[in-house]
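First the structure, in the form of C-alpha cells, and then the observations on it.
The values are calculated or read from the model by the stated rules, or taken from the named source; none is laboratory data. Not measured: the values here are computed from a predicted model. Every residue, glycine among them, receives a Cβ derived from its backbone with ideal geometry; neighbour counts consider all protein chains shown. Ligands, DNA and RNA are stripped out before the accessible areas are found, and what is left, the full protein with its side chains, is counted by its heavy atoms. Shrake-Rupley method; radii C 1.70, N 1.55, O 1.52, S 1.80 Å.
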Amino acid sequence: SDRKCMTTQHVSHKNGELISFTKGSPAVLVGRCSHIYRQGKKEPMTSAIRAQIMAASSQMSSEALRVLALATKQGRGREHLESDLTFLGLVGMLDPLRPEALPAVESFKEAGVRTVMITGDQKDTAFAIGKSLGLVHNLNQCLSGPEINQMADSDFANALEKTGVFCQVSPEHKVRIVKGLKSAGHIVAMTGDGVNDAPSLKVAD
C-alpha cells in the first residue's frame, strides 16, 4: 500500500528465464517504464505515449473504474525489478455500488446524518462513485491522502466540514479523519469490512 505496486516473478516455460510482472497505480508504474509493448513489438517509451496512457487512465477512472497498470521485465535476479519496465496495458475494474447503498445514504440525510465516503480509490474514481451517491457535486469536495499529508491541523479541521469523499487514504488517514470529526464535536459512526478499517473503527463512537 505504501509503494502502490506489487511484483511477482516467474520462470518461463519456453527458455527457463525469469520474467517478472508488476501491477500498480498508473501514476507510479508508468514513470518506471522505459518501453511499451504494442503491435507485438517492444518500443521505447516517450513522454507523448506516457501522456496518452495517463489520459486513458483518467478517462477510465471518471467512469468509476478502478484502474491498474501492468508491466513486465525479463532477466535473472531480484534487483531493480520495478525499474526499466515494459508497459503492457491498463485494466479497469468495476466494483458496483450495492443496491442498498443509495437508499441508505438518502435515509441518513433525511434523518439529519451526514455521510462521508473514505476509500483507497484514485480521486477520479472516488468522485464518480461519490457523485452517484449524492455525497459530492464537484471535485473540490474530494480530499486525497497525499493532500491530507500536506495539511496543518487547523486547515484539515476546516476541510473536514466541506469534504464528502476522502480518497487514496491509508489506515492512518482514516484514524485522523475520525479523530478530527470527533474533535469538532461530531458523533462519529464508522463502517468497514477490511483489516485496515480496524484502527478507525476502534476510535469511532
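Residues in the range 95-106 include none that are within 27 Å of residue 49 (Cα to Cα) and under 21 Å from the mean Cα position of the chain (by Cα). Of the residues examined, residue 61 is one that is within 21 Å of residue 121 (Cβ to Cβ), open to solvent by less than 40 Å² (accessible area, probe 1.4 Å), in contact (Cβ under 8 Å) with a residue 60 or more places away in the chain and outside any loop (DSSP other than H, G, I, E, B). Output yes when any residue across the range 8-20 is loosely packed, with under 15 Cβ neighbours inside 10 Å, in contact (Cβ under 8 Å) with a residue 24 or more places away in the chain and of a type in the set (D, E, K, R), and no when none is. Looking through the range 8-20, at least one residue is loosely packed, with under 15 Cβ neighbours inside 10 Å, in contact (Cβ under 8 Å) with a residue 24 or more places away in the chain and of a type in the set (D, E, K, R). Residues in the range 64-83 that are within 18 Å of residue 5 (Cα to Cα), of a type outside the set (Ser, Thr, Tyr) and loosely packed, with under 13 Cβ neighbours inside 10 Å: 74, 78, 79, 80.
Residues that are open to solvent by less than 70 Å² (accessible area, probe 1.4 Å) and under 16 Å from residue 126 (Cβ atoms) within the range 88-101 comprise 92, 101, listed in sequence order. For the range 32-50, which positions are part of a helix (DSSP H, G or I), open to solvent by 60 Å² or more (accessible area, probe 1.4 Å) and either within 23 Å of residue 97 (Cα to Cα) or not charged (D, E, K, R) (or both)? If the condition is that a residue be part of a helix (DSSP H, G or I), open to solvent by 60 Å² or more (accessible area, probe 1.4 Å) and either within 23 Å of residue 97 (Cα to Cα) or not charged (D, E, K, R) (or both), then 47, 48 are the ones that fit.
For the range 80-102, the criterion of being in contact with an Asp or Glu (Cβ under 6 Å, 6 or more places away or on another chain), of a type in the set (Ser, Thr, Tyr) and in contact (Cβ under 8 Å) with a residue 24 or more places away in the chain is met by no residue. Within the range 76-91, is there a residue that is basic (Lys, Arg), in contact with a strand residue (DSSP E or B) (Cβ under 6 Å, 6 or more places away or on another chain) and not in a loop (DSSP other than H, G, I, E, B)? The answer is no; no qualifying residue exists. Within the range 110-139, the set of residues being of a type in the set (S, T, N, Q), in a helix (DSSP H, G or I) and either on the phi > 0 side of the Ramachandran plot or out of contact with any strand residue (DSSP E or B) (no Cβ under 7 Å at 6 or more places or on another chain) (or both) comprises just one member, 132.
Taken over the range 140-166, residues that are more than 18 Å from the chain's Cα centre (by Cα) and assigned to a helix (DSSP H, G or I) amount to 8. For the range 146-171, a residue qualifies if it is loosely packed, with under 14 Cβ neighbours inside 10 Å and of a type in the set (S, T, N, Q), and the qualifying residues are 149, 150, 154, 158. For the range 121-133, the set of residues classified as out of contact with any helix residue (DSSP H, G or I) (no Cβ under 8 Å at 6 or more places or on another chain) and open to solvent by 50 Å² or more (accessible area, probe 1.4 Å) consists of 131 only.
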